[in-house]
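Novice: Sharing a structure with you now.
The values are calculated or read from the model by the stated rules, or taken from the named source; none is laboratory data. Bear in mind that the values here come from a model prediction, so they are computed numbers and not experimental data. We place every Cβ from the backbone using ideal geometry, glycine too, and count neighbours over all the protein chains shown. Heads up: the accessible areas ignore ligands, DNA and RNA and are worked out on the full protein's heavy atoms, side chains in. Shrake-Rupley method; radii C 1.70, N 1.55, O 1.52, S 1.80 Å.
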Amino acid sequence: MNLTEQFLSVRNTIQQGVELVVVSKKQSVEKIKTIYDTGCRSFGENKVMELMEKKELLPTDIQWHLIGHLQTNKVKYIAPFIHLIQSLDSIKLAGEIDKQAKKCDRIIDCLLEIYIASEETKFGFSFEEAEDFLNNKLSGFPNIRIKGLMGMATNTANTEQVRREFKSLTDFYRRYEKALTLSHLSMGMTNDYKIAMEEGSNMIRVGSAIFNEQ
């Protein structure tokens, strides 16, 4: 299959009401433009500098998502235009996003990244820390709008463990969904997005399955 067919085959597996964010890290501008030409507008990048380089060469109506760990000293580069920061993983980062958003006279949409995996390499708030942030600290960051939650399951062949981890995030999301008008539950990548959708995800981040790198 060519790239367009590969993308469409993935898109055809996605449930109605689930947004596909194409993970375009390490992919060429030409490949991203091919996916763009199918009508896709949501692309996710892990690294700020790579995102900045691509942004200059691609159509202005792309909705860029920052999905990787975000260093505080890089926030200023993406603050003027970023569509969604999916990886808000600390209070320190929240402070910097809020500060840079004020300078740009905008409110930046973010997802709170929750640590649900049994891997030390993952980032994010614990459920307890997230609860404290949402209940007691969020009001101190007026230029941040929390649109939902993001989580990454453990990279394991144990699908029941993956399912449990996703379910734990969905349960937490449901607790705050109405009170905070949350709309995005971002969980699921190439290897586990079908399980994530079964467990309530409405936003998935897929790259390898589209760019045929499995």
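Novice: If r is the Cβ-Cβ distance from residue 131 to residue 37 and R0 is 30 Å, what FRET efficiency results, to the nearest 0.05?
Specialist: 0.10
Novice: Give me, ordered by chain and number, the residues 5 or more places off residue 19 or on other chains with an amide H under 5 Å from its own placed amide H.
Specialist: Hits under the 5 Å cutoff: 203, 204.
Novice: Given H placed on each backbone N at 1.01 Å, which residues far from residue 87 in sequence or on other chains put an amide H within less than 5 Å of it?
Specialist: Those lying under 5 Å, H to H, from residue 87 are 111.
Novice: For the stretch 4-16, in order, what is each residue's ³J(HN,Hα) by Karplus, 6.51 cos²θ - 1.76 cosθ + 1.60 with θ = phi - 60°, in whole Hz (x at glycine and Pro)?
Specialist: Coupling constants for the stretch 4-16: 4, 5, 4, 4, 5, 5, 5, 4, 5, 8, 9, 5, 4 Hz.
Novice: Further question: So what is the relative contact order of the stretch 1-119, in percent, for Cα pairs below 8 Å that sit 6 or more residues apart?
Specialist: 18 percent
Novice: Here's another thing I want to ask about it. Using a probe radius of 1.4 Å on heavy atoms only, what accessible surface per residue do you get for the chain? Whole Å² is fine.
Specialist: Per residue, the chain has 48 Å² of solvent-accessible surface.
Novice: Which whole-number percentage describes the relative contact order of the chain, with Cα contacts under 8 Å and a sequence gap of 6 or more?
Specialist: Across the chain, relative contact order equals 20 percent.
Novice: Another question about this same structure. When only C-alpha pairs under 8 Å and at least 6 residues apart count, what is the relative contact order of the stretch 136-214, in percent?
Specialist: This gives 28 percent for the stretch 136-214.
Novice: Mind listing P(r) for the stretch 111-159? All alpha-carbon pairs, 10 Å bins, whole percents.
Specialist: 25, 47, 22, 7, 0
Novice: Going through the stretch 125-207, which trypsin sites (Lys or Arg not before Pro) have at most 10 other Cβ atoms within 10 Å and a DSSP loop state?
Specialist: Those that pass, being in a loop and sparsely packed, are 178.
Novice: For residue 140, what charge total do you get from the other residues with a beta carbon under 14 Å from its beta carbon, if Lys and Arg give +1 and Asp and Glu give -1?
Specialist: +2
Novice: In a shell of Cβ-Cβ distance under 12 Å around residue 32, excluding residue 32 itself, what net charge do Lys and Arg (+1) and Asp and Glu (-1) give?
Specialist: Overall, the nearby charge balance is +2.
Novice: Once a ≥ b ≥ c are taken as the square roots of the eigenvalues of the Cα gyration tensor of the chain, is the result rounded (a/c under 1.5), prolate (a/b larger than b/c) or oblate (a/b not larger than b/c)?
Specialist: oblate
Novice: Can you list the residues, at least 5 places off or on another chain, whose amide H is less than 5 Å from the amide H of residue 207, using H built in the peptide plane?
Specialist: 23, 190
Novice: Next up: Please give, to one decimal in nm, the separation of the simple spin-label points placed at residue 81 and residue 25, each 7 Å out from Cα toward the Cβ.
Specialist: The answer from the label model is 2.0 nm.
Novice: Classify the stretch 100-213 as rounded, prolate or oblate, taking a ≥ b ≥ c as the square roots of the eigenvalues of its Cα gyration tensor: rounded when a/c is under 1.5, otherwise prolate if a/b is larger than b/c and oblate if not.
Specialist: Because a/c hits 1.5 or more and a/b exceeds b/c, the stretch 100-213 counts as prolate.
Novice: For the stretch 39-55, take each phi angle, set θ = phi - 60°, evaluate the Karplus expression 6.51 cos²θ - 1.76 cosθ + 1.60, and give the result in whole Hz per residue in order, putting x for glycine and proline.
Specialist: x, 6, 10, 9, 10, x, 10, 8, 10, 4, 5, 5, 4, 4, 5, 5, 4
Novice: Using a 1.4 Å probe on the protein chains only, how many percent of the accessible area of the stretch 134-183 belongs to carbon and sulfur?
Specialist: On the stretch 134-183, the fraction of accessible area on carbon and sulfur atoms equals 48 percent.
Novice: Given the alpha-carbon gyration tensor of the stretch 1-71, what are the semi-axes of its equivalent ellipsoid in whole angstrom, ordered largest first, with each equal to the square root of 5 times an eigenvalue?
Specialist: Calculated on Cα positions only, the semi-axes equal 21, 14, 11 Å.
Novice: Report ³J(HN,Hα) in whole Hz for each residue of the stretch 172-184, in order, from the Karplus equation J = 6.51 cos²θ - 1.76 cosθ + 1.60 where θ = phi - 60°; Gly and Pro get x.
Specialist: 5, 4, 4, 5, 10, 3, 6, 4, 9, 6, 6, 10, 10
Novice: Please list 189, 150 in order of solvent-accessible area, largest first, computed with a 1.4 Å probe with all protein chains present.
Specialist: Final ranking, largest accessible area leading: 189, 150.
Novice: So how exposed is residue 160, as accessible area in Å² (1.4 Å probe, rounded to 10)?
Specialist: Counting only protein heavy atoms, the figure is 100 Å².
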